[in-house]
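Structure, as structure tokens:
The values are calculated or read from the model by the stated rules, or taken from the named source; none is laboratory data. Predicted model, so just to flag it, every value in this text is computed and none were measured. Cβ: placed from backbone, ideal geometry, glycine included. Neighbour counts: every protein chain shown. Surface accessibility is based on the protein's heavy atoms, side chains included, excluding ligands, DNA and RNA. Shrake-Rupley method; radii C 1.70, N 1.55, O 1.52, S 1.80 Å.
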Amino acid sequence: MASAPAPAAAAAAGPGSRLALRRAVGPGGETVALWVFFTAFLVFYVWIVRTGVPFTSSHAYSGPYGGLADAFAHGQLSLRDPPPPGLLDLVNPYDPIANNAFRHNGLHDLTLWHGKLYVYWGPVPALLLVPLQLVGVWVPQNLVTVGLGFGALVFSVLTLRFLVARFLPATPAWAVWAGMLSLALCNVVPFTLRRPAQYEIAIDGALCFGFLALWLLSTGWFGPRPSVHRLAGASLAIGLAVGCRPTAGLYALVPLTLVVGAWRSGRWPVAGAGGRRATMTALAAPLGVCVALLLAYNAARFGTPLEFGQKYQLSGFDQTHRALGHLSYLAPGLFYYVLLPPRLLATFPFLGLGPPPKYPWGLPADYTGVEMTAGVLPTIPLLAGLVLLPWVARRWDPGLRAIAGAMVATAALTTVLLAFMVWGTTQRYEVDFVSLLLIPALLVWYTALVRAPGHRWPRRLAAVAGAVALMWGAAAGLAESFRGYTDGLAAYHPQLYRAFVDAFSPLSRVLASAKGGPVIARIDSTANVDADTTANADKNWSSLGLGNFAFDLTTDRVTLTIASPGHRDALLRLAASTRRASLSSVRSSLFVGLDGAAPLARILRPSGIYDFDVELAPGVNRVVVSSDAGTLVRVTAVGLVAPGTPAAAPQAPAKRTTP
């Protein structure tokens, strides 16, 4: 294993290196630019959450972490609100069917144990809220998520800038700023901010404290003045990260790697006879105390230090009979986290998370927890450059080789652990490892820019390839931030979302032209804010649209967004059904028409196929579907067909009217 260089090497790294280090660690010539960068992304992060659930300082918006902080402030470990009596009366309160009504009334994913409710997420975010609650301030969970996510950005950027200034000082400034931009958009934090809940608080908190640890460790070990205090702070930060999310304990691999290297070489960051002891004590003691406290916290709640409460969750699965971890989960988990491409969409934001497409080789029977996910390689192609790490690292200082290699190892083990442990995947879990991979990938790219052998063209090729990869990754991260899990921007601010869609209508036209015809790209309903989640969708990474889908039509309008390559006369064909008894003596109709125009009407039958002529304009079109039946109408198939295509059954002529 590589050994760490002596502290004196920091001063001898080259002309101006001490000045570069000081600028990376503290104030310097780029301070104003850094403030502008951080302020801009703080505004952006706040905008993401403000276009979702509003900031409200009240118990209702504080979430489970607010409740846990309230419990801590009152000297107890369980939530102060007792479980409803009806829940405790159930034969099996963990049965997801039996407890469904209780879970959807605020108890979902809480832990029920011995008649009390607990929170299984790490306690550190709640501890941070206790002082505020003691003075009567209830912090909304979206604001907590913003603070932790922004902290993660700040410390990851500071870590990158320090490593570049210390080990690769010849890196062009534009490349460093491009890397900072990628850390802000590709770290999956913007995606988590679109639905800021307790899950995202724990994950973003672990990332925040994890990168605080890496920054303190880097500057404390390799800085111009090695500091035991910074090393102790790094150890404490890892302990706090574990207190947010136990898998963050893998961050300890980074200081462990440095310690092993120093032990082998005999060169410790702290000079003197007691340098080894001081370093190891600083790195071990705070983390050890945090882990001991966390284990005691578990034991006080559940009688065993290794039970975090997940086994007794009130979730969509009975987790008392479902063990975590199975080898059959590993392959599909790695496929979803690493390789699954995002879906191309015909309308803004043009990228959507899968699946579909699905794992192509057959899933285990109990692998039922797959949520929205996209692989990190298709969305952040710069990470592919890590395959060059074994060769590029030979040119690096041993210290950089040690810390970057440990970051990659930490990320790889985290990915494997997540894939092995859980019977599904979800995009927010990628927060745990993406930034740990991105910084070493950036360092590989920077090395190619400044140390590529031969003439200028290899460096120019590396610059162009890296810039293109970063732009794609930033665009993908930005697209993810507009949708999130629940398409929150469209749900809470439909007019703003519509303005974005219309602004990018020319690009929708280009994509529809490439597809060869109009594409039904989106479905929106005033009664369902998650209307784009269609259970029987037949779509893949290049389908651009919804594929085959179905929806329920009641008294609310449903809007279909269609991207067209040009002026087209198209036939919108719907298959719909309803119960005969529900149709009144007055004939009920199905209405279809362009948004803002008089619709066409067809008489509803208990079941049938209905064709409607629509005149499409280039780019984005919106077609409104409605009914006056006064009861549920099930639309089981929707498609665009060429005019004149015969239907499976005869139809009455359509009549243009107003519903």
Taking Cα atoms only, helix 434-451 is inclined relative to the longest principal axis of the chain by an angle, in degrees rounded to 10, of 70 degrees
Normalise the Debye intensity by I(0) for the stretch 267-327, one equal point scatterer per Cα, no solvent, then take log10 at q = 0.16, 0.19, 0.25 Å⁻¹ and round to two decimals. -0.69, -0.78, -0.99
How much accessible area does Ser607 have with a 1.4 Å probe, in Å² rounded to the nearest 10? 80 Å²
Over the chain, the sum of -39500 (n - 2.57) across DSSP H runs of at least four, divided by residue number and rounded to 500 deg cm²/dmol, gives at 222 nm -14500 deg cm²/dmol
Degrees, to the nearest 10: 253-265 long Cα axis against longest axis of the chain: 20 degrees
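Compare Asp613, Asp432, Asp397 by solvent-accessible area with a 1.4 Å probe and give them largest first, with all protein chains kept in place. Don't jump to the answer; show the numbers that get you there.
On the way: Asp613 105, Asp432 15, Asp397 50 Å².
Descending accessible area places them as Asp613, Asp397, Asp432.
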By how many degrees, 0 to 90 and rounded to 10, does the Cα axis of helix 173-186 deviate from the longest principal axis of the chain? 50 degrees
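From Cα pairs below 8 angstrom and at least 6 apart in sequence, can you work out the relative contact order of the chain, rounded to a whole percent?
Working: 1246 pairs, mean separation 91.0, N = 659.
14 percent.
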Please report the net charge: other residues with Cβ closer than 12 Å to the Cβ of Val434, K and R +1, D and E -1. -2
How large is the convex hull of the Cα atoms of the stretch 138-223 per residue, expressed in Å³ as a whole number? 82 Å³
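With a probe of 1.4 Å, find how much accessible area the stretch 326-380 has per residue, and write the answer as a whole number in Å².
Numbers: 2120 Å² over 55 residues.
I get 38 Å² per residue for this part.
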At a probe radius of 1.4 Å, what is the per-residue accessible area of Ile523, in Å² to the nearest 10? 0 Å²
Using a Cα-Cα cut-off of under 14 Å, which aspartates and glutamates could be cross-linked to Lys358, ignoring same-chain neighbours fewer than 8 residues away? Glu371, Asp538
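What net charge do the residues around Val189 carry, taking every other residue with its C-beta under 9 Å from that of Val189, with Lys and Arg at +1 and Asp and Glu at -1?
Numbers: positive: none; negative: Glu200, Asp204.
In short, -2.
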Aspartates and glutamates with Cα under 13 Å of Lys116, excluding same-chain neighbours fewer than 8 positions away: Asp81
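May I ask you to compute the full-extension gain from Thr636 to Glu30, defined as 0.36 nm times their residue separation minus their alpha-carbon distance, rounded to one decimal in nm?
Numbers: separation 606, 0.36 × 606 = 218.16 nm, distance 5.88 nm.
Computed gain between Thr636 and Glu30 is 212.3 nm.
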Using a 1.4 Å probe on heavy atoms of the protein chains only, the accessible area for Lys116 in Å², nearest 10, reads 100 Å²
So what's the Cα pair-distance distribution over the chain, bin width 10 Å, in %? 3, 14, 22, 23, 18, 11, 5, 2, 1, 0
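Per-residue counts of other Cβ atoms within 10 Å, averaged by peptide: what ranking do you get for 157-167, 626-636, 385-395, highest first? Don't skip to the answer; put the middle values down first.
Values: 157-167: 23.7, 626-636: 17.9, 385-395: 15.0.
Highest to lowest by the protection proxy: 157-167, 626-636, 385-395.
Near Leu640, within a Cβ-to-Cβ distance under 10 Å, what is the net charge of the other residues, with Lys and Arg +1 and Asp and Glu -1?
That works out to +2.
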Starting with the highest mean, order 189-195, 542-548 by the number of other Cβ atoms within 10 Å, averaged over the residues of each peptide. 189-195, 542-548
